[in-house]
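Notes follow once the structure below has been shown.
A short reminder: the numbers here are calculations on the coordinates, not readings from a lab. Because the structure is predicted, anything quoted here is derived from the model rather than measured. Cβ placement follows ideal geometry from the backbone for every residue including glycine, while neighbour counts extend to all protein chains displayed.
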Amino acid sequence: MTEQTSPERTLVIVKPDGVRRGLTGEVLRRIEAKGYVLVGLRMVEATQEQLAAHYAEHEGKPFYGPLVEFMSSGPVVVALVEGHRVVEGFRSLAGSTEPTASAPGTIRGDLGRDWGLKVQQNIVHGSDSAESAARETEIWFGAGA
Ligand code: RTP
Ligand code: MG
């Protein structure tokens, strides 16, 4: 199958809880099974600078500190994913922020739960717009990716 229009990209992160629980392959499998294409993939220990830039919109919120701490608690797998309307499509695959309220059939709804912690540990991140995807791609893959 070929794309009819210029493809969009989104930035996906398998968060430390997903990596720790051995769900990286399952997340990537769902992305590929949906028909999207992996065009970049790396495992990293996120730096404080990367997390401050990535979560700048949440600075000052009560969950910001616990979020940065959680995202620093182990390696993450960062993927650049391509396809027509992939930003919206991956958000739909991921489910809503709270795993408890996420629909079955979604990554968070099928594989996540609330652990009673200070921050939602919800397995994956997906960019919320094409603009966010471009900004986040530079943070995790560097300029020119
Ligand atoms: P993401 O950015 O990770 O794809 O998730 P999202 O858009 O659904 O959620 P967002 O509002 O952008 O929040 C970023 C991440 O912060 C954690 N969070 N915990 N009250 C809480 O416990 C809470 N609120 C947000 C989650 O890990 C969320 O994905
Ligand atoms: Mg978000």
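Brief remarks follow.
- Per-residue ellipticity at 222 nm from helix content only, as computed over the chain with -39500 (n - 2.57) for each DSSP H run of at least four residues, stands at -10500 deg cm²/dmol.
- When the alpha carbon gyration tensor of region 8-141 is reduced to an equivalent ellipsoid, the three semi-axes, largest first, read 20, 18, 14 Å.
- Couplings 3J(HN,Hα) for region 128-135, derived from phi with the Karplus relation 6.51 cos²θ - 1.76 cosθ + 1.60 (θ = phi - 60°), are 9, 6, 5, 5, 4, 4, 5, 5 Hz, where x marks Gly and Pro.
- Cα-centre dipole for the chain with unit charges at Cβ (Lys and Arg positive, Asp and Glu negative), debye to 20: 420 debye
- Of Pro66, Pro99, Pro75, the one that fluctuates the most in a GNM where the chain has Cα springs shorter than 10 Å: Pro66
- Leading residue at positive end of dipole, the chain (Cβ point charges), from Ala143, Leu67, Ala94: Ala94
- Placing dummy labels 7 Å off each Cα toward the beta-carbon, the span from Glu3 to Met43 is 2.8 nm.
- Rounded to the nearest 5, the antiparallel percentage of DSSP beta bridges internal to the chain is 95%.
- Stretch gain in nm, segment Glu82-Glu131, where the contour uses 0.36 nm per residue and the Cα spacing is subtracted: 16.2 nm
- Summarising the label geometry, the points placed 7 Å from Cα in the beta-carbon direction at Thr97 and Ser72 lie 2.2 nm from one another.
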